[in-house]
Structure formats: structure tokens, C-alpha cells
Amino acid sequence: MIKNFISELESGNKNALYLRNIIEHLILKGDLSISDIAKEMDMSVPTITKLIGRLIDEGYVLDYGKQETSGGRRPNVYGLNPEACYFVGVDIRHFSIHIALANFKGEVIKTKRNIPFVLENTPQCLDQLCFIISSFIDKVSIAKEKIKNVAINISGRVNSESGYSYSFFYFDEKPMAQTIEEKLGYTVSIENDSRAMAYGEYMCDTNGEKNLLFINVSWGLGIGMILNGQLYYGKSGFSGEFGHYPAADNEILCHCGKKGCLETEASGQAIYRMMKDKIENGSSTSVEEKFRQNIVTMDDIVHAILHDDVLSIESMEHVGFYLGKHLAGLINIFNPELVVIGGDLSVVGDYLVLPIRSAIRKYSLNLVNKDTIVRATKLGDDVGIMGACMLARSKMLKLI
Ligand SMILES: [Zn+2]
């Protein structure tokens with residue numbers, strides 16, 4: 001590359017911002033002709049021609065030639081150069097890690113799922129995370145300097161701007177992003193996992209909806225919000241702590257230190273507790289032995305649900321209905337176009353989505369909820385890594 005407009009974005013250089021806006025249009029709309037871009041940006045064709053020329057010189061854009069259509073020949077279209085640079089997305093879950101490598105076009109070209117890992121708040125665990133990421137990068141066959149950002153999703157309180165994670169890996173008062181950056185030698189950004197999932201859903205699986213709530217039902221419970229087409233962060237980046245909404249009058253101590261958080265009744269850990277109580281009171285289930293040996297995982301419970309285990313299904317229904325009741329409140333407040341159910345437990349599909357829908361219908365205002373589609377994510381288990389890769393690119397381009 002001759003020059004690099006990315007380095008000029010920080011200073012607010014006007015031309016660099018125009019170049020970035022062209023890239024943003026190509027991300028959102030796909031390949032476009034110069035006159036399409038000129039129309040989108042309300043600028044002249046000669047100016048766009050010049051700017052596109054610079055993006056081609058810098059290696060970010062390719063001329064994809066004339067597009068043949070039934071209506072005859074059309075002008076040349078321009079699109080992102082997939083090989084311009086690459087991004088690594090890391091999705092830390094409670095019992096495993098997913099990692100993906102995406103190109104500049106946003107296509108995932110390598111994925112490693114379910115890498116064994118148990119999230120614990122220790123320096124050893126942070127070292128293991130870094131080891132897993134560098135082992136993945138070592139095996140990819142691209143020039144390492146082309147990897148521009150490693151984006152990591154983690155649960156809990158995260159300030160993605162300062163790079164601090166307060167719920168995990170808050171050692172020596174140093175930002176988690178900086179610690180990992182020093183260990184890996186790549187630019188690192190971090191994001192709350194539910195917010196990253198919301199971004200993945202928004203960028204990869206929506207039909208232009210600008211207001212969506214993404215519900216991450218995993219071991220814990222969180223939400224990510226896209227409001228008017230923008231990720232909503234709140235003042236310090238702590239928005240979305242729906243799991244700690246003081247919903248229940250149950251005296252159960254939450255890991256945050258408070259009692260009665262929604263997460264204690266509506267999450268993977270709530271299902272675990274309910275099943276454990278029932279087994280101790282004589283109920284039977286196919287995962288009874290694993291409970292007794294204290295080795296049961298979320299995957300075991302999901303597997304049991306998908307294989308007609310009645311106790312697991314009943315516990316899931318209970319959690320779904322309870323969650324749906326509180327989502328009804330959110331729908332009344334936000335009037336979203338889309339509520340997407342994702343996270344580890346969403347892979348059970350209708351076992352979770354139907355009780356949620358039923359409770360939403362029962363408890364939300366009809367006029368408000370008829371605007372809202374409630375569905376499971378179609379990206380399944382990959383929504384977190386997709387979100388991380390999309391965030392990595394957007395952060396490099398300073399779109400976020
Ligand atoms: Zn809590």
C-alpha cells in the first residue's frame with residue numbers, strides 16, 4: 001500500500017472520512033457503481049471517481065468490472081477487496097471458546113469452535129486465553145501483519161472504549177485489552193458478549209430493522225441493543241445488564257452480590273439450580289448421574305432437552321415463560337421491530353422461543369407487541385464470532 005487513509009481517520013481528515021464513508025456504503029450495500037456511490041453520498045461523479053481511485057491504490061477496493069444483466073451492459077462496479085486485511089473474532093463462553101478469522105469483506109474464512117476452556121477470573125485463565133488465540137493465529141496461512149484487530153467478547157461489565165473488563169480479568173488496574181495486546185502483539189479490542197452478538201445479528205441477519213433487542217440466554221443472561229441503527233452503550237458501556245434486573249423475590253444470591261436478580265430465575269444457571277433441586281427431591285432425568293457427579297454442562301442439558309427429557313424440558317419452559325414476562329416489559333418500553341433470542345440455550349429453538357412468545361403475548365401491551373417479531377437467531381452458535389469479526393472491522397474503521 002502506498003498510503004493508508006486509516007491512519008488519517010484519527011485526526012478527522014476530511015478526505016479520509018469520505019474514503020471511510022465509501023467503505024461503509026460498500027459494507028452495507030455490497031458492490032456499487034460510481035454513480036450509485038455518488039448518489040448515496042450526495043457527491044459528484046468526478047469526486048467519487050477520484051476517491052475510488054485512491055481506495056484502489058491503497059488496496060481496500062477492487063474494480064469488479066461490468067455487471068452483465070438482462071437489461072444489457074452496466075457500468076463497472078466496485079467492492080471491498082477481501083484480501084485487504086483480516087480480523088480475528090473471539091467469543092469467550094462459560095465452558096468453551098469459538099474463534100474465527102474474517103476477511104475485509106466480512107466473509108469468515110476459518111473457524112474453530114468449542115475449544116475447551118472454563119472461564120475463571122484468574123491470571124492463569126487469561127494466559128490460557130492468550131495461548132488459545134495465538135495458537136489459532138499461528139495456524140492461519142496469511143501474512144500476520146494483515147491482521148488488523150483481534151476482537152474479544154466477554155460477559156459482564158465491559159467498557160470497550162477504555163478496554164477495561166470489570167467482571168473478569170481486572171488485574172493490576174490495567175485494561176484487559178492492553179494486557180492481551182502486549183501478550184499477543186496485535187491490536188486488541190474487547191466488547192460485552194451480548195452487545196457483540198446484537199451487532200453480529202444486525203450486520204449479518206436482519207432485513208433493515210434499525211431497532212432490535214438481542215437476548216443472550218446462556219449460563220448468564222444479558223441483552224444487546226441496537227437503537228436507531230446504532231449499538232447502544234450507555235454512559236460507560238455498561239448497558240444491557242438485564243440479567244441483574246431486580247425481578248425476583250427469591251432470596252437467591254446472584255454472583256453480582258445482590259439478591260433476586262432476573263438471572264437467578266431466567267438463565268442456564270437457573271435451569272441448573274431448578275434441576276438440581278428437583279433431582280434431590282426425587283425427580284428423574286437422563287442427566288441425573290452427571291448432576292450427582294457434578295460434571296453436568298449446558299451442552300448436556302441442551303442435549304437432554306433435544307432428546308425429550310421431561311425434567312429438562314419443564315425447567316426450560318419455566319425459564320422461558322419467566323424470561324418472556326420480563327421481555328414484555330422491555331417491549332413496552334422500547335417498542336422494538338425485532339427481539340432476537342440467542343446464546344447457548346437458544347439452540348433448543350421452540351422449547352425456549354414458544355414459552356417466551358406466550359408470556360410476551362400475555363403480559364405486553366397488544367398495540368406495542370404487534371409491531372415486534374420475536375425469533376431465534378438464524379446465525380445459531382456463530383452469532384458471537386460474527387459479531388466480534390464485524391466489530392473488529394468497524395473499530396479499525398472507527399465506525400464505532
Ligand atoms: Zn445479579
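The values are calculated or read from the model by the stated rules, or taken from the named source; none is laboratory data. Since we're looking at a predicted model, the values are computed, not measured. Note that each Cβ is placed from the backbone with ideal geometry, even for glycine, and that neighbours are counted across all protein chains shown. For the accessible areas, the whole protein counts, side chains as well, though only heavy atoms, and no ligand, DNA or RNA atoms are used. Shrake-Rupley method; radii C 1.70, N 1.55, O 1.52, S 1.80 Å.
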Of all helices (runs of 4 or more DSSP H) completely enclosed by the stretch 256-342, which ones contain at least 2 residues that are crowded, with 21+ Cβ neighbours inside 10 Å, at pLDDT 95 or above and of a type in the set (A, V, I, L, M)? 268-280, 298-306, 310-334
In the stretch 157-195, what residues are open to solvent by 70 Å² or more (accessible area, probe 1.4 Å) and among the hydroxyl-bearing types (S, T, Y)? Y166, Y170, T187
Flag if D205 is acidic (D, E), closer than 23 Å to V319 by Cα and at pLDDT below 95: no
Taking the condition of being surrounded by fewer than 19 Cβ atoms within 10 Å (Cβ to Cβ) and either on the phi > 0 side of the Ramachandran plot or in contact with a helix residue (DSSP H, G or I) (Cβ under 8 Å, 6 or more places away or on another chain) (or both), how many residues in the stretch 358-370 meet it? 6
The condition of being in the same structural domain as Y164 (by TED's automatic domain parsing) and either part of a helix (DSSP H, G or I) or touching a residue at least 40 places away in the same chain (Cβ under 8 Å) (or both) holds, among Y186, Y233, Y202, only for Y186
Kindly establish whether N114 is open to solvent by 20 Å² or more (accessible area, probe 1.4 Å), within 22 Å of the chain's Cα centre (by Cα) and within 22 Å of L391 (Cβ to Cβ). yes
Across the stretch 247-264, what is the number of residues that are in contact (Cβ under 8 Å) with a residue 24 or more places away in the chain and more than 9 Å from the ligand (Cβ to nearest atom)? 1
Considering every residue within the stretch 339-356, establish whether at least one is free of Cβ contacts under 8 Å to residues at least 60 places away in the same chain and of a type in the set (D, E, K, R). yes
If S394 satisfies all but one of (1) open to solvent by less than 30 Å² (accessible area, probe 1.4 Å); (2) under 30 Å from K112 (Cβ atoms); (3) not in a helix (DSSP H, G or I), what's the number of the condition it fails? (3)
For R273, are the conditions met, namely being assigned by TED's automatic domain parsing to the domain that holds L354 and within 16 Å of the ligand (Cβ to nearest atom)? yes
I want to confirm something. Restricting to the stretch 217-230 and keeping residues that are in a loop (DSSP other than H, G, I, E, B) and surrounded by 19 or more Cβ atoms within 10 Å (Cβ to Cβ), which single residue is nearest to the ligand (Cβ to nearest atom)? G220
Quick one: E107 ticks every box in (1) under 16 Å from the mean Cα position of the chain (by Cα); (2) without any contact (Cβ under 8 Å) to a residue 40 or more places away in the chain; (3) surrounded by 14 or more Cβ atoms within 10 Å (Cβ to Cβ) bar one, so which box is it? (3)
Taking into account only those residues within the stretch 139-155 that are open to solvent by less than 50 Å² (accessible area, probe 1.4 Å) and assigned to a loop (DSSP other than H, G, I, E, B), which is nearest to I190 (Cα to Cα)? S155
What are the residues in the stretch 234-246 that are more than 10 Å from the ligand (Cβ to nearest atom) and not charged (D, E, K, R), if any? G234, S236, G237, F238, S239, G240, F242
Could you list all residues from the stretch 21-35 that are open to solvent by 30 Å² or more (accessible area, probe 1.4 Å) and either free of Cβ contacts under 8 Å to residues at least 24 places away in the same chain or under 27 Å from the mean Cα position of the chain (by Cα) (or both)? N21, E24, H25, I27, L28, K29, D31
Identify, from the list L101, L119, L129, the residue that is open to solvent by 10 Å² or more (accessible area, probe 1.4 Å) and within 19 Å of the chain's Cα centre (by Cα). L119
